[in-house]
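The values are calculated or read from the model by the stated rules, or taken from the named source; none is laboratory data. These numbers come from a predicted model, not from an experiment. Every residue, glycine among them, receives a Cβ derived from its backbone with ideal geometry; neighbour counts consider all protein chains shown.
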């Protein structure tokens, strides 16, 4: 096990700061791993957030989750890297500012120990959280683009045992509060994609947004924390009664996006936590595009069908063709 070289014994709680390299500024860049290793044997669950540097929603939830756990109640090992891409996080940007075409950490796995900074992050993350894990979770949220979302993504193309366990993970997390599970192929060069190829059940969580009002922020944060607690109960890493309430499942072929044909300032009608997972009518107005120069409405964004809204966007500047809203046309109840 990776942690054996750091003398992380059963009953340990702490963090490891692992150096990646020296940057152009002269400063060292590193990854910080928070861990809890229970007294009792159990699975290793690896978790990472902020793969995209502007998707910071999970950080507060990781803080609260770690505060609520200790080795006495945990079976197995929990390891979390809250900020998987410090380079992008420090710039509050989706991708790293590497002088190289490989700047999206989400597509840089399994990584390269001697590659670009982004590839080195991927190599170390894979070594820590995937190679040692029994289960793996990657956390995303809406970023600077203003998107809001509340779902769990699971790859339907994996049909054997790893696929079955991944779906069970997704259902357990969603029953904690996210409510929606999206069956969508995960990139083979993403961390969950690499983990799945290694035979390790994995999911990608998409919950929250950026710079939301505190009332909304708390709803998304609570959803992430409850999702993880229900997942830990399902994995038998903590005791408790697993929530088994019904959730909604849809796959990629049963979805449609409503994206603007013109750039402008979006006046969104769907900006609340409560809007996600709710029905929309065919023709329902989702938002309007305001020309910021002429101050005229130049486009209406309407739902092309009756369905369930599964991601939305807050009001603000939006470029031509950027993602606006997404509706699931066919939902299964699980």
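Residue 17 meets the stated requirement of being farther than 25 Å from residue 188 by Cβ and assigned by TED's automatic domain parsing to the domain that holds residue 214.
The set of residues from segment 201-222 being modelled with pLDDT under 95 and within 15 Å of the chain's Cα centre (by Cα) comprises just one member, 210. Residue under question is residue 205, and the condition is that it be in the same structural domain as residue 172 (by TED's automatic domain parsing) and surrounded by 15 or more Cβ atoms within 10 Å (Cβ to Cβ); does it hold? Criteria met by residue 205.
Being part of a loop (DSSP other than H, G, I, E, B) and either closer than 30 Å to residue 8 by Cβ or in contact with a strand residue (DSSP E or B) (Cβ under 8 Å, 6 or more places away or on another chain) (or both) is the filter here; which residues of segment 73-103 pass it? 73, 74, 82, 83, 84, 85, 96 - these are the residues of segment 73-103 that are part of a loop (DSSP other than H, G, I, E, B) and either closer than 30 Å to residue 8 by Cβ or in contact with a strand residue (DSSP E or B) (Cβ under 8 Å, 6 or more places away or on another chain) (or both).
For segment 104-134, the set of residues classified as surrounded by fewer than 22 Cβ atoms within 10 Å (Cβ to Cβ), assigned to a loop (DSSP other than H, G, I, E, B) and either out of contact with any helix residue (DSSP H, G or I) (no Cβ under 6 Å at 6 or more places or on another chain) or not assigned by TED's automatic domain parsing to the domain that holds residue 17 (or both) consists of 104, 114, 115, 116, 131, 134, listed by residue number. Could you tell me whether residue 183 is under 28 Å from residue 118 (Cβ atoms) and modelled with pLDDT of 95 or more? Judged against the criteria, residue 183 is not a match. Apart from one condition, residue 111 fits all of (1) at positive phi; (2) in contact (Cβ under 8 Å) with a residue 40 or more places away in the chain; (3) out of contact with any strand residue (DSSP E or B) (no Cβ under 7 Å at 6 or more places or on another chain); the exception is (2). Against the test of being closer than 30 Å to residue 145 by Cα and touching a residue at least 12 places away in the same chain (Cβ under 8 Å), the options 69, 65 yield a single qualifying residue, 65. Under the condition of being exposed (fewer than 12 other Cβ atoms within 10 Å of the Cβ) and at pLDDT 85 or above, the residues counted in segment 1-14 number 2. Say whether the condition of being surrounded by fewer than 18 Cβ atoms within 10 Å (Cβ to Cβ) and part of a strand (DSSP E or B) is met by at least one residue in segment 42-53. For segment 42-53, residues surrounded by fewer than 18 Cβ atoms within 10 Å (Cβ to Cβ) and part of a strand (DSSP E or B): present.
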